[in-house]
Amino acid sequence: MTSVIESPSAGAVTKVDAGIIDCDVHPLPKDSKSLYPYLARSWQEHSEQFGTHLRQPFINTTQYPRTAPLICRRDAWPPAGGPPGSDLAFMQQQHLDPFHILKAILIPLFGNVASERNQDFARALATAHNDWQVAEWLDRDARLRASLVVTQDDPVAAVKEIERCARDGRFVQIMLAPRSSEPLGRRRYWPIYEAAQAYGLPLGIHSYGIGGHASTGGGWPSFYMEEHYATTMGGPAVMSSMVMEGVFEEFPALKVVLVEIGFAWVPSFAWRLDRLWERLGDEVPHLTRPPSDYIRKNFWYTTQPMEEPAKPEALRRCFDWLGWDRLLFSTDYPHWDQDDPSYAFKVKLSPAERKQICRGNAENLYRF
Amino acid sequence: MPKERVGLVSEIPPGSNKVVTVRGREIAVFNVGGDFHALLNRCPHEGAKLSRGIIVGLPESEVPGCYQLSRPGEILRCPWHGWEFDLRTGKSHCDPQGLFTRQYKTSVERETSPDSCGDAGLTAETFPVIVEEAVVLVEV
Amino acid sequence: MLRQANPFPKVDCDLHLTLPTTSELLPFLDDYWHEQVTSRGIDRLELTGDISNLPAAIRPDWRGPATLERVQTCALDAFDTDIAICNCLYGAQAVYNADLAAALCGAMNDWLVANWLSKDERLRASIIVPWQHPELAAKEIERRAPDRRFVQVLLMVLGDRPLGQRSMWPIYAAAEAHGLPIGVHAGSTYRFAPWTNGWPSYHIEDQAAQSVGFQTQLLSMITEGVFKEFPKLRVVLTESGVTWLPSFLWRIDKLWRGLRMEVPWVKRPPSEIVAEHVRLTMQPFDGPKDPQIVREMIEQIGEEMMLFSTDFPHWNFEQAEFAPTGFDADLMNRLRTGNPLKTYPRLQETS
Ligand code: FES
């Protein structure tokens, strides 16, 4: 661990040398009525009378109390009022401008659309979220790109929504929740993958969702520290399911971006899957290649929260094993565990390596 | 080392801080129960402005399930990742030797200035009043 | 009854014995449970979550009933093993009736003594406990602890609740008091879906989920303060895989810095706690084939962290080639002798 930061450390991304693509930024509506302009009157009424219906104990907050209000960094509350991430001008001033962000991909997590149990309401919410992103964000700052919100439990409706929005090239990925009703590789979700492949849209699978299953295979843990790690383990859950169900045999061009679900677990997990496949592969005869092949070809990872091994060189080896072309820089602004592009990497990167992770890989993947 | 003026003591009540920029360096001066502590306003982890952190106590425990909060108001939780710093030393709680923010010496001195609020026009005779006020200084 | 002390025994820390049916336990059950088992047909309690019950996962030349003779020839003689720690998983550890669990687990321990430990002095065993009910489990530990051939307490990784939670502590108190490590073995009682996103289609996915289960359970034991409350307790993660450990520790050390206030009894970086209290058996090895990367992983894991195991009869290697590429002979010797002796106090006194 370093001591005093007096000037950007050796590994820092200086703002000049690249210009950054930030693959994970969270917009929030100003208040509970901000989406109303995009919701039919009857659904506004429904919102008022019934609200959301989720598989968790609390109506207005997450299962585990976070480390800070609204999960956000404490300095991101806009001076003009409203919650962090709700004020574009402040986001520009605090985040987009100073870090020379060329493109930022919005990931709207609020409202838990992917996990809403009332499917008609979920469909209305998905459409509202997408229209809200266009009108209040994309149309107001040319640097912003959106994630297409869909009802993953209703793939037919999801495909319709994809068809509706995909014409707008500023939607750059389809957003799914890893904590899903069923493992995401299962066939019920395949229509979404078919559409994603057809439109050339990656899946952006960001750690969130309330699927109704215990957060770990051993049950519900006690602490947020455990919950934080358990959400990260949604990554292997998605990967295992999509690979083993043969999603990439059926949709070989499908691209999956695991957002904020870590990356350092991937090499070990891929080795494990390969070893298991050697012995138990007959159970999944639809796979024609070792699991690690699909992983190497079809998955990408955003970098935040950055790993900080005591020996920073271990991180470099981790990148080697993952593939340097798989890493997409992200900040997670304005959440508490966000990364600052100047200090996130505790290992020394060459300018070319920095540029690849902070910009080049995302340009290639999202065709910016 | 040259002393720089931070501001009046009365401007920085206990539990608050004031940020000054000295030769390009942001320094946050915290009032911790009447004592002033100056820290480089940049978290040694990823550079967050410490002045935007939250002032808390130190949670401690010798037995799982038994919680104690000691040193109220003396700990700063970074506004981003929540790492704890001792406001009196600038050292992080989890890794005091390896992770700390730079600390500067402060002092409180009396500053004198002529009183400006005499209402000279209406009185026959005026006396110049010298007001003594406490100011916080930081050595940079 | 124990052999002359051998200062450098070769130890296998995970050898599986299979209880074929509950009826084998009848001689060890009291009248009530005897009649319950026979009259209700409580005889087939093989576990879905025990890979021993997946024929495809068993080494072809090791398939078939695991009789004493077969275990001796295939698992002990073939590897020149001096001491083997036997782990037995069965439905006793998964039934929902805690009293039935206690009766069956007690009978299984009797069965282990009568049919195995007493028949070959190389064998040691893990105490099987009704962990569904931690107080009853602690009683079973008390009952078996005087027999020094029981060298650890056996749990599965995925059961009724996160392993660190305080309701589990009677088990750890008893284990610590008797110098018995807790062996957390791969396996699930399927109280919860194996993955946070639910029930996958294939066995292979359940198996993949095990290593993640080990991570979240180890984190539970750390955050809940098990190692603060029981400073002498050791935990052996068995059949856990090993290569996940470094990246897991990076992440939780970092999380601890920001979230320590939630668990203030955790006073040290979790990686230090793990280094002091936790060990892992090496088979099935979950590393890559490239020996250079394997050596780097061993360095990241720390060779003092790993214990030799054959994982008999699971199919992890051919013939006697139990050392994965990248594990040299010296290292294997340490994994087979020094590391187990330091981990299991009872092996030293009886070997
Ligand atoms: S920037 Fe302060 S704790 Fe990370």
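The figures follow:
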| read-out | value |
| --- | --- |
| Criterion: free of Cβ contacts under 8 Å to residues at least 12 places away in the same chain and within 10 Å of chain C (Cβ to nearest Cβ) - qualifying residue of A:219, A:212, A:234 | A:219 |
| Residue in segment A:44-51 that is at pLDDT 90 or above, more than 14 Å from chain B (Cβ to nearest Cβ), more than 23 Å from residue A:173 (Cβ to Cβ) and part of a loop (DSSP other than H, G, I, E, B) present | yes |
| Condition check for residue A:61: crowded, with 17+ Cβ neighbours inside 10 Å, within 23 Å of the chain's Cα centre (by Cα) and over 30 Å from residue A:365 (Cα atoms) | no |
| Unmet criterion (only one of (1) over 22 Å from residue B:63 (Cα atoms); (2) buried (at least 24 other Cβ atoms within 10 Å of the Cβ)) for residue C:198 | (2) |
| Subset of segment B:17-34 that is aliphatic (A, V, I, L, M) and within 13 Å of chain A (Cβ to nearest Cβ) - its residue that is nearest to the ligand (Cβ to nearest atom) | B:28 |
| Residues of segment C:118-147 classified as in a loop (DSSP other than H, G, I, E, B) and either among the small types (Gly, Ala, Ser) or touching a residue at least 60 places away in the same chain (Cβ under 8 Å) (or both), total | 3 |
| Candidate set: segment A:273-294, residues that are more than 12 Å from chain C (Cβ to nearest Cβ) and assigned to a helix (DSSP H, G or I); chosen: the one nearest to the chain's Cα centre (by Cα) | A:294 |
| Filtered residues of segment B:35-68 (kept if touching a residue at least 40 places away in the same chain (Cβ under 8 Å), within 16 Å of the ligand (Cβ to nearest atom) and not in a loop (DSSP other than H, G, I, E, B)) | B:39, B:40, B:50, B:55 |
| All helices (runs of 4 or more DSSP H) inside segment C:240-351 with 3 or more residues being closer than 30 Å to residue C:52 by Cβ | C:245-259, C:291-301, C:329-333, C:339-343, C:345-350 |
| Residue B:9, sole failed condition from (1) within 14 Å of chain A (Cβ to nearest Cβ); (2) more than 16 Å from the ligand (Cβ to nearest atom); (3) of a type outside the set (S, T, N, Q) | (1) |
| Matching residues in segment B:16-30 - criterion: being surrounded by fewer than 22 Cβ atoms within 10 Å (Cβ to Cβ) and either modelled with pLDDT of 95 or more or assigned to a strand (DSSP E or B) (or both) | B:16, B:18, B:19, B:20, B:21, B:22, B:25, B:26 |
| Selection status of residue B:94, free of Cβ contacts under 8 Å to residues at least 12 places away in the same chain, in a loop (DSSP other than H, G, I, E, B) and touching a helix residue (DSSP H, G or I) at 6+ places or on another chain (Cβ under 6 Å) | yes |
| Residue list for segment A:166-194, restricted to those being surrounded by fewer than 21 Cβ atoms within 10 Å (Cβ to Cβ), more than 14 Å from chain C (Cβ to nearest Cβ) and not in a loop (DSSP other than H, G, I, E, B) | A:191, A:194 |
| Residue satisfying all of: in segment C:227-243; within 25 Å of residue A:268 (Cα to Cα) and charged (D, E, K, R); surrounded by the most Cβ atoms within 10 Å (Cβ to Cβ) among these | C:239 |
| Answer residue from segment A:214-237, given it is among the hydrophobic types (A, V, I, L, M, F, W, C) and not in a loop (DSSP other than H, G, I, E, B) and is farthest from residue A:268 (Cα to Cα) among those | A:225 |
| Candidate set from segment A:126-152 (those that are under 16 Å from residue A:39 (Cβ atoms) and of a type in the set (Ser, Thr, Tyr)); member that is surrounded by the most Cβ atoms within 10 Å (Cβ to Cβ) | A:151 |
| Residue in segment A:70-90 that is part of a loop (DSSP other than H, G, I, E, B) and among the polar types (S, T, N, Q) present | yes |
| Residue identified as in a helix (DSSP H, G or I), modelled with pLDDT of 95 or more and buried (at least 20 other Cβ atoms within 10 Å of the Cβ) among C:84, C:78, C:92 | C:92 |
| Flag for residue A:145 being within 14 Å of chain C (Cβ to nearest Cβ) and not in a loop (DSSP other than H, G, I, E, B) | no |
| Residue among A:367, A:326 that alone is among the basic types (Lys, Arg) and closer than 21 Å to residue A:146 by Cβ | A:367 |
| Close pairs (8 angstrom Cβ cut-off, 6 or more residues apart or separate chains): at positive phi in segment A:250-264, assigned to a loop (DSSP other than H, G, I, E, B) anywhere | A:260/A:207; A:260/A:304; A:260/A:305; A:260/A:330; A:260/A:332; A:262/A:305; A:262/A:307 |
| Identity of the residue in segment B:87-100, more than 14 Å from chain C (Cβ to nearest Cβ) and buried (at least 19 other Cβ atoms within 10 Å of the Cβ), that ends up farthest from the ligand (Cβ to nearest atom) | B:87 |
| Matching residues, segment A:193-213, being in contact with a Pro (Cβ under 9 Å, 6 or more places away or on another chain) and farther than 16 Å from residue A:165 by Cα | A:205, A:206, A:207, A:208, A:209, A:211 |
| Subset of segment A:341-361 [within 13 Å of the ligand (Cβ to nearest atom) and either assigned to a helix (DSSP H, G or I) or surrounded by 20 or more Cβ atoms within 10 Å (Cβ to Cβ) (or both)] | A:341, A:343, A:344, A:346 |
| Hits in segment A:251-272 (condition: among the polar types (S, T, N, Q) and either surrounded by fewer than 23 Cβ atoms within 10 Å (Cβ to Cβ) or not in a helix (DSSP H, G or I) (or both)) | none |
| Verdict on residue B:77 being within 16 Å of the ligand (Cβ to nearest atom) and either charged (D, E, K, R) or under 30 Å from residue C:168 (Cα atoms) (or both) | yes |
| Which listed residue is within 14 Å of chain B (Cβ to nearest Cβ) and under 26 Å from residue A:178 (Cα atoms), from C:240, C:220, C:211, C:188 | C:220 |
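The values are calculated or read from the model by the stated rules, or taken from the named source; none is laboratory data. Please read all numbers here as calculations on a predicted model, not as lab measurements. Cβ: placed from backbone, ideal geometry, glycine included. Neighbour counts: every protein chain shown.
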